[in-house]
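The values are calculated or read from the model by the stated rules, or taken from the named source; none is laboratory data. None of these values were measured; they are calculated from a predicted model. Virtual Cβ from ideal backbone geometry, glycine too; neighbours counted across all protein chains shown. Surface accessibility is based on the protein's heavy atoms, side chains included, excluding ligands, DNA and RNA. Shrake-Rupley method; radii C 1.70, N 1.55, O 1.52, S 1.80 Å.
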Amino acid sequence: MKSLKKLMAGELSHVKKIVKEELKPNGTIVNDKSFELFNSGGKKLRPMFTILAGKLGDKEHYNDVLKTSASLELLHMATLVHDDIIDDSELRRGKPTVFYEHGYFQAVNTGNYLLSSALQIVSKIDSRKFHETYSSGIREIVQGELIQFDTQFDAAQTLDEYFRKIYRKTALLIVLSIELGGHAAHLEDELMDKLRTYGYHIGMSFQIIDDCLDFTGSTRTLGKPNYSDIKNGHYTLPVALKRQ
């Protein structure tokens, strides 16, 4: 992953410029915390997948691919801010969450601001299929959040229900990153289908590993307290397997 980030350092630098221009840090909590969240690290998986998919398409649309990459990372950050509210999380990437540092209302506003900024960046991309995919993806992500909230402390959750939940929680956003990068670059449908399948398996694997690390990792390595999922009533794969 480090070598991939190094290989794509130039593209990610362009993405950072787009984000900085959109968020414009200016001394207000919402703007400054939003940019701080982007700048605080993270794997930048989603923008990298967007760019890699976009590189397979038409070069004349490459600026749209970079805008899409920035947009998807802002969308991801918005979901993290709202997740921290739902889960009453104290730490994110080893730092206090917006929720714990500035309270409920500032955290809600920050998440909403990140979401609106994500949509603003790509508002002028001329592709109906792109915007239809984006809007339906956001709706499904929100549905996933609602399902996670409704199934809190539900010990009867099945493996199939767990897999459906983590698809909406993690894999969907990775699939969406690849798919939107492809739409921005005008890729053909056959290639898009293959890329969706690739994104699905990467996303599912990523969340399964993360769920296992919640039990085997440490606060230092995870950047958040371990056992946080089970404490918040989110019964993940280790719990589901234990019940089998």
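Quick notes on this one:
- Between segment 178-244 and segment 1-40, the Cα center-to-center distance that results, in Å: 23 Å
- Computed about its Cα centre, the charge dipole of the chain is approximately 780 debye, with only Lys, Arg, Asp and Glu carrying charge at their Cβ.
- For the chain, the carbon plus sulfur part of the accessible surface works out to 55%, probe radius 1.4 Å.
- Figure note: 105, 130 ranked by solvent-accessible area, largest first, 1.4 Å probe, ligands and nucleic acids not counted: 105, 130.
- Segment residue 43-residue 194, length gained on full extension (0.36 nm per residue, minus Cα span): 52.0 nm
- Looking at segment 113-155, the trypsin sites (Lys or Arg not before Pro) that sit in a DSSP loop and have at most 13 other Cβ atoms within 10 Å of their own Cβ are 124.
- Note that segment 1-135 presents 51 Å² accessible area per residue, ligands and nucleic acids not counted, probe 1.4 Å.
- Segment residue 17-residue 139, length gained on full extension (0.36 nm per residue, minus Cα span): 41.1 nm
- Based on DSSP H segments of at least four residues, each scored -39500 (n - 2.57), the chain has a per-residue ellipticity at 222 nm of -22500 deg cm²/dmol.
- Positive dipole terminus of the chain, leading residue within 79, 226, 7 (C-beta point charges): 7
- Net charge of neighbours whose Cβ lies under 12 Å from the Cβ of residue 14, counting Lys and Arg as +1 and Asp and Glu as -1: +2
- Among (1) 17.3, 62; (2) 17.7, 53; (3) 32.3, 109, the entry derived from the coordinates for Rg and Dmax of the Cα atoms in Å: (2)
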